[in-house]
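Asker: One structure is given below, represented as structure tokens, and several questions about it will come after.
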Amino acid sequence: MSSLRSWILRWLTTTNHKDIGILYMVTAMYFFLVAGTLALLFRVQLAMPESNFLPGKAFNQAVTVHGLVMLLWFLSPIQFGLANYFVPLQIGARDLAFPRLNALSYWLYLFSGLLLIVSFFVPGGAVDGGWTLYAPLNTSAYSPSKGFDLAVLAIVMLSAAITLGTVNFMVTIAKMRAPGMTWDKVPMFTWSILFTILMMLLAFPALAAAGILLLLDRLLGTTFFLSVEGGALLWDHLFWFFGHPEVYILLFPSLGMLADIISSFTGRPLYAKRFVLVAFMAATVLSYIVWVHHMFITGTSLLVRKIFSVTTALISIPFEMATLALILTLYKGRIRYTSPMLFAMAAIPLFIIGGATGVFNAAIILDRAFRGTYWVVAHFHYIMAGTALFAVIAGLYYWFPKMTGRMLSEKLAKIQLILAVIGINLLYFPQFLLIDMPRRIYRYDYAPEWITLNQLSTIGAFIFAASFVVALIALLHGLLRGRPSGDNPWGAWGLEWLTKSPPPPHNFDGQPVVTKDGRILIVPEKTLEEQGVDKVITGEAKVSVTGVMTPNGTAGHQSPSHAHGHGHAHAHHGSMAPMMLALGMFVAFVAMPLGNTALMALGALLAFASIAKWVLDEYRGRFSEPEPRYREEFPFVGIDKFKVGLWTFIAGEGFLFGSLVGAYIFIRTRSPAWTPGIELHDVAIGLFNTVVLFTAALAMGLAYYNARVGNVGLQRASLAFALALGLLFMFTKAYEWSKFAAEGYGLTSTMEAQLYYTLTGAHAAHVLVGVIASLYALVRSLRRPYGPQDARTLLYIGIYWGIVDIVWTFIFPMFYLI
Amino acid sequence: MALQITPPDELWWLTFNQFLIGALVLGTFVSLVFAYFAIRYWEKRVKPNEAEVVLGPGKVAPGTSKIGWTRYTLVVTGIIVTLLILATFPRTDYVEASPPETDLVIWVTAFQFGWEFEYPNGKKVVNTLVLPTDTVVEFKVVSRDVFHAFGIPEIKGAKIDAIPGILNSLWVKTPSDPGELNVVCYELCGVGHSLMVGKIKVVSPEEFQAFLQSS
């Protein structure tokens, strides 16, 4: 019994990247089963359009939840499960940069998904507005269901999880690569994750902003998406600014996996890797300027549409390049058709079909017929359920032996592959021919000629589903009965294959070093000290080569000092706080639309207690440990990991505010009349608060300076001053708000008021975080003054205050002057 | 009656066929290269001296920058794709602008869950529209409540969003033979979305005039 308890406790408190990777994958598979079952249900209805198997609202719920879960709670998370497990291994790191933050990302992801599942059981039932949640159908005027509220809360919660994840991966990839692992040598999967998080960092804040505005509409009665000034098009712009990069967010990790797997089983490096990286970078940038192609028939100006039509055509070129590079990697290789390779190869023709049909959609004139039809469904399912999912299966099968130490059955995998290839083509090819059939309808009495094609598609769906039943059997069989794999059963290249299967908690028995000519050495820390890292990299130093293994070999080397030290360090790393924080948010969010204040308070209390516990752990330095040596390279030389993390986070915050400011500009330009801020608001109060806020940042700067020079008294005084100013700002704001409310200028009074309260409210929430951080710094300073060695904490809080100030310099003129 | 006007759906098919030929030619070429390599370099077929295996256990793949003849393929496909898009622009202009000559303007108001049509003489009908054959019709489309999309599945490219607060327009040329068309909502608009189906009865001009004058 106690072993079961400790087993459960381990999974609830783990902060190890490999454990969290497994949690992600298992959870994502659960959501896949949910969303896949929903798909089968509505495919049955579509094969029998006269029937009432799944009519009306239930049908709409099924297609909506299927789409949301597959994209946001299955495909991306399973890719990030693999990334959690293998990015640190591929680059020779011991963990992700911020393990507890990583755990928090996972728990927020899990509970946000459960929020969506729970929504089936609340009054009104689950969300039914289509995964794109178009306005104004998404407002409570048209969709009063409580489940809809829960879905939007789930999306906002997931956005938070993803933003934390981006920070973590950014810092890990930028700062924690093994010595010698130059950018050039970073494996494609890790590269693809880097590009993916760059897109996530900018795209998800737009989704979060849209979600927050929608929640205000639904719960507090604003009219951002109901009014003519905002309305349908405001949602369209915010949603698709997220939505299009999201497509590449789902695709990139899969292309990265394909590249690494195909290299492994041909023995050839990815063809023209540097050009592919340039192509990825180009696609990342272009992905932000194609979103209007989802709005070709909304009545946008023709010139704008033409520009977006060209950018959309251009974005196909990087992907053509990637496809050609994958194909040319086969050239002069020795192709070994193992199960991962077979799935990887099957992904390529699917990508050619899905990609070629994508070019059609770029033409405005053609899109008029495609939009809202099964042509589009077929196109993106060839990419998502085809390329992206096949690559994920290839990735799972490729790395399964590493994660479990066991082999999967090749025979079952081949049966699965045959079923999957037949299934997916029978499922989606007929949908290209259903070019006139609208999406998301459950009856089509007026077009009996669509029935046969739909029935073929449904048969395909069941064959495709059968392939996943085989996959599930294969995974369970492999897990329980698979033959031992050894450490490198595929004879694969890369760092992850130079450690045990499954890897020890600290990943490598020694420090991995990549030499200039691309050999990987696992060097004992002592040797590294004696010989010097640089000489090991250039190959001048004589090191006893360890860790290089033959196919099916075993990792022979064991560095006692390291295995011991890190093994212990990891044993203490568990923390309940991330799980409790996410659970608290879950409870509060479930209670919010239901209006259950007691439950809401309980959830909030749990969340705040978890944050307090977290801060306390930090304060006591419970998790501090020495950093292993890592590779420093442009553009991150001399910048420590907290700074990289902070700036990454700030970039995300910038896009959140950018999206809100974008909403302001959109609404204002479409409003017939707008009172200039100077006539509406008290400029004196605004100016006063501006001075207060800027002085607070200055005070933090002074605190940092005094910590550096060791003046404890002034350090404490500056911190107290900063804290007082932060509080003063909050009180002035509260005074201002209550005065306005008393004058009848409440939240829902005018469009301008809605924007004013929303933007200044979002800003005030950030000031509150600054106040809490300053309070923490002050308490810490009174107990243990900051010295030169840890003054950077104050610098980071100062940078944060500075950013809060910069946001204010936009908000102040927007509402108080012009 | 404007018989000389090219109907938008004719241009749609022309454009679609051009894209289809482009996609089939390029797609087939790339697929053949892929299939050839996949078989040619299979370990059971490839001769030992033909394979140049450079990656293996204990190594990291280098950043290769050779690009060889792919650059030409890229330039060629890039040019083809861009030209295909640019070539559609004159047609797009034609289809998107108001029709060269309009015979009839119909105001369409989408609502949950149906269609209201209004003729120039003020006559209003719900869900069943009567139109004359061989006529250029411009639809002025608005929505009374949520986001809908007005579309006629039988006429390619005859689709435009119906959004509250926004006036969109679309023109078509009705078929030359009498018959029946459907009006379908192409954007999920609520529980009755699937049933939001209207009819267009295409009749002879004489019958149409008679219908228009009836009360």
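Asker: Just for region A:402-418: of the residues that are in a helix (DSSP H, G or I) and either acidic (D, E) or open to solvent by 50 Å² or more (accessible area, probe 1.4 Å) (or both), which one is farthest from the other protein chains (Cβ to nearest Cβ)?
Answerer: Just the residues of region A:402-418 that are in a helix (DSSP H, G or I), to begin with: A:402-404, A:410-418.
From the residues that got through so far, the ones that are either acidic (D, E) or open to solvent by 50 Å² or more (accessible area, probe 1.4 Å) (or both) too are A:410-411, A:414-415, A:418.
On the way: A:E410: 15, A:K411: 18, A:K414: 15, A:I415: 20, A:I418: 16 Å.
Ranking the qualifying residues of region A:402-418, first place goes to A:I415.
Asker: Taking the condition of being closer than 14 Å to B:C185 by Cβ and touching a Lys or Arg at 6+ places or on another chain (Cβ under 8 Å), how many residues in region B:133-159 meet it?
Answerer: Number satisfying all stated conditions: 6.
Asker: If we only count helices (runs of 4 or more DSSP H) wholly inside region A:1-81, which ones have 3 or more residues that are among the acidic types (D, E) and either crowded, with 24+ Cβ neighbours inside 10 Å or at positive phi (or both)?
Answerer: Details: elements: A:2-13, A:17-47, A:56-68.
Correct list: empty, since no element meets the threshold.
Asker: Suppose we filter region B:142-152 for residues that are facing another protein chain (nearest Cβ under 8 Å) and either farther than 15 Å from B:W115 by Cα or hydroxyl-bearing (S, T, Y) (or both); how many remain?
Answerer: 0
Asker: Inspect all residues belonging to region B:127-134 and state whether any of them is among the polar types (S, T, N, Q) and without any contact (Cβ under 8 Å) to a residue 60 or more places away in the chain.
Answerer: Checking region B:127-134: not a single residue is among the polar types (S, T, N, Q) and without any contact (Cβ under 8 Å) to a residue 60 or more places away in the chain.
Asker: Return the residue satisfying two criteria in turn: it lies in region A:635-653 and is part of a loop (DSSP other than H, G, I, E, B) and β-branched (V, I, T), and of such residues it is least open to solvent (accessible area, probe 1.4 Å).
Answerer: Narrowing region A:635-653 to residues part of a loop (DSSP other than H, G, I, E, B): A:635-640.
Filter again for β-branched (V, I, T), leaving A:637, A:639.
Values: A:V637: 93, A:I639: 52 Å².
Among them, the one singled out is A:I639.
Asker: Take B:P178 and tell me if it is in contact with a helix residue (DSSP H, G or I) (Cβ under 6 Å, 6 or more places away or on another chain), touching a residue at least 12 places away in the same chain (Cβ under 8 Å) and more than 9 Å from every other protein chain (Cβ to nearest Cβ). Steps first, answer last, please.
Answerer: Details: in contact with a helix residue (DSSP H, G or I) (Cβ under 6 Å, 6 or more places away or on another chain): no; touching a residue at least 12 places away in the same chain (Cβ under 8 Å): yes; more than 9 Å from every other protein chain (Cβ to nearest Cβ): yes.
No; evaluated as a whole, the condition is false for this residue.
Asker: For B:V125, are the conditions met, namely being in a strand (DSSP E or B), more than 8 Å from every other protein chain (Cβ to nearest Cβ) and open to solvent by 10 Å² or more (accessible area, probe 1.4 Å)?
Answerer: yes
Asker: Here is a list: A:A232, A:A203, A:A208. Which entry is among the hydrophobic types (A, V, I, L, M, F, W, C), in contact (Cβ under 8 Å) with a residue 40 or more places away in the chain, assigned to a helix (DSSP H, G or I) and within 14 Å of chain B (Cβ to nearest Cβ)?
Answerer: A:A232
Asker: Can you confirm whether A:Y24 is aromatic (F, W, Y), closer than 18 Å to A:V156 by Cα and touching a residue at least 60 places away in the same chain (Cβ under 8 Å)?
Answerer: No, not satisfied.
Asker: From the list B:S31, B:S65, pick out the single residue that is open to solvent by 30 Å² or more (accessible area, probe 1.4 Å), in a loop (DSSP other than H, G, I, E, B) and either facing chain A (nearest Cβ under 7 Å) or in contact with a helix residue (DSSP H, G or I) (Cβ under 8 Å, 6 or more places away or on another chain) (or both).
Answerer: Of the residues listed, the single one that is open to solvent by 30 Å² or more (accessible area, probe 1.4 Å), in a loop (DSSP other than H, G, I, E, B) and either facing chain A (nearest Cβ under 7 Å) or in contact with a helix residue (DSSP H, G or I) (Cβ under 8 Å, 6 or more places away or on another chain) (or both) is B:S65.
Asker: To continue, here is another question. Look at region A:323-340 and say how many of its residues are more than 10 Å from every other protein chain (Cβ to nearest Cβ) and assigned to a helix (DSSP H, G or I).
Answerer: Kept after step one, since they are more than 10 Å from every other protein chain (Cβ to nearest Cβ), are these residues of region A:323-340: A:338-340.
From what's left, assigned to a helix (DSSP H, G or I): A:339-340.
Going through region A:323-340 one residue at a time, the tally reaches 2.
Asker: If you take the residues of region B:191-215 that are in contact with a Lys or Arg (Cβ under 9 Å, 6 or more places away or on another chain), under 30 Å from A:E229 (Cα atoms) and not β-branched (V, I, T), which of them is nearest to the other protein chains (Cβ to nearest Cβ)?
Answerer: Checked region B:191-215; the qualifying residue nearest to the other protein chains (Cβ to nearest Cβ) is B:S194.
Rundown of residues vs (1) among the charged types (D, E, K, R); (2) part of a loop (DSSP other than H, G, I, E, B); (3) closer than 30 Å to A:R368 by Cβ, yes/no style:
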{"residue": "B:I5", "(1), (2), (3)": "no, yes, yes"}
{"residue": "B:D9", "(1), (2), (3)": "yes, no, yes"}
{"residue": "B:T15", "(1), (2), (3)": "no, no, yes"}
{"residue": "B:I21", "(1), (2), (3)": "no, no, yes"}
{"residue": "B:V46", "(1), (2), (3)": "no, yes, no"}
{"residue": "B:N49", "(1), (2), (3)": "no, yes, no"}
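Asker: Here's a follow-up. Only residues in region A:755-773 that are more than 19 Å from A:Y816 (Cβ to Cβ) count as the first member; pair them with residues that are at pLDDT below 95, Cβ under 7 angstrom, at least 6 apart or cross-chain, and list the lot.
Answerer: Final answer for the pair search is A:G770/A:Y800; A:G770/A:W801; A:G770/A:V804; A:A773/A:I797; A:A773/A:Y800.
Here's the yes/no breakdown for (1) among the hydrophobic types (A, V, I, L, M, F, W, C); (2) touching a Leu at 6+ places or on another chain (Cβ under 7 Å); (3) assigned by TED's automatic domain parsing to the domain that holds A:M25; (4) free of Cβ contacts under 8 Å to residues at least 12 places away in the same chain:
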site: A:A344; (1), (2), (3), (4): yes, yes, yes, no
site: A:A347; (1), (2), (3), (4): yes, yes, yes, no
site: A:V376; (1), (2), (3), (4): yes, no, yes, no
site: A:M384; (1), (2), (3), (4): yes, yes, yes, no
site: A:F390; (1), (2), (3), (4): yes, yes, yes, no
site: A:F400; (1), (2), (3), (4): yes, yes, yes, no
site: A:T404; (1), (2), (3), (4): no, yes, yes, no
site: A:E410; (1), (2), (3), (4): no, no, yes, no
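Asker: Any residue that is touching a Pro at 6+ places or on another chain (Cβ under 9 Å), in contact (Cβ under 8 Å) with a residue 60 or more places away in the chain and closer than 30 Å to A:V533 by Cα - is there at least one of those in region A:155-173?
Answerer: Yes, that holds for at least one residue.
Asker: Every residue in region A:349-374 that is within 30 Å of B:V54 (Cα to Cα) and either at the interface with chain B (Cβ under 9 Å from one of its Cβ atoms) or in contact (Cβ under 8 Å) with a residue 40 or more places away in the chain (or both), please. Don't jump to the end; show me each part of the working.
Answerer: Of region A:349-374, the ones within 30 Å of B:V54 (Cα to Cα) are A:349-352.
If the condition is that a residue be within 30 Å of B:V54 (Cα to Cα) and either at the interface with chain B (Cβ under 9 Å from one of its Cβ atoms) or in contact (Cβ under 8 Å) with a residue 40 or more places away in the chain (or both), then A:P349, A:L350, A:I352 are the ones that fit.
Asker: Evaluate the following for B:T6: is it under 24 Å from the mean Cα position of the chain (by Cα), more than 7 Å from every other protein chain (Cβ to nearest Cβ) and surrounded by fewer than 19 Cβ atoms within 10 Å (Cβ to Cβ)? Walk me through it before giving the result.
Answerer: Details: under 24 Å from the mean Cα position of the chain (by Cα): yes; more than 7 Å from every other protein chain (Cβ to nearest Cβ): yes; surrounded by fewer than 19 Cβ atoms within 10 Å (Cβ to Cβ): yes.
The answer is yes for B:T6.
Asker: Further question on the same structure: Of the residues that make up region A:703-725, is at least one out of contact with any strand residue (DSSP E or B) (no Cβ under 6 Å at 6 or more places or on another chain), within 14 Å of A:W808 (Cβ to Cβ) and either crowded, with 20+ Cβ neighbours inside 10 Å or among the aromatic types (F, W, Y) (or both)?
Answerer: yes
To keep it simple, each residue is scored yes or no on (1) among the polar types (S, T, N, Q); (2) within 14 Å of chain B (Cβ to nearest Cβ); (3) surrounded by fewer than 24 Cβ atoms within 10 Å (Cβ to Cβ).
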| residue | (1), (2), (3) |
| --- | --- |
| A:G243 | no, no, yes |
| A:F265 | no, yes, no |
| A:V276 | no, yes, no |
| A:F280 | no, yes, no |
| A:S287 | yes, no, no |
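Asker: Moving to a separate point now. Sort out which residues of region A:442-474 are open to solvent by less than 70 Å² (accessible area, probe 1.4 Å), part of a loop (DSSP other than H, G, I, E, B) and touching a residue at least 24 places away in the same chain (Cβ under 8 Å), and write them in order of number.
Answerer: A:Y442, A:R443, A:Y444
Asker: Yes or no: B:A110 facing another protein chain (nearest Cβ under 7 Å) and modelled with pLDDT of 85 or more?
Answerer: Working: facing another protein chain (nearest Cβ under 7 Å): no; modelled with pLDDT of 85 or more: yes.
It is false that B:A110 is facing another protein chain (nearest Cβ under 7 Å) and modelled with pLDDT of 85 or more.
Asker: Are any of the residues in region A:331-352 open to solvent by less than 10 Å² (accessible area, probe 1.4 Å), in contact with a helix residue (DSSP H, G or I) (Cβ under 9 Å, 6 or more places away or on another chain) and more than 22 Å from A:Y382 (Cα to Cα)?
Answerer: yes
Asker: Considering only region A:211-229, state which residues are surrounded by 22 or more Cβ atoms within 10 Å (Cβ to Cβ), assigned to a helix (DSSP H, G or I) and over 18 Å from the mean Cα position of the chain (by Cα).
Answerer: Residues satisfying the conditions are A:L213, A:L214, A:D217, A:R218.
The values are calculated or read from the model by the stated rules, or taken from the named source; none is laboratory data. Computed from a prediction, not measured in an experiment: that's the story for all the values here. Reconstructed Cβ throughout: ideal geometry from the backbone, glycine too, with neighbour counts over all protein chains shown. Just the protein is used for accessible areas: all its heavy atoms, side chains included, with ligands, DNA and RNA removed. Shrake-Rupley method; radii C 1.70, N 1.55, O 1.52, S 1.80 Å.
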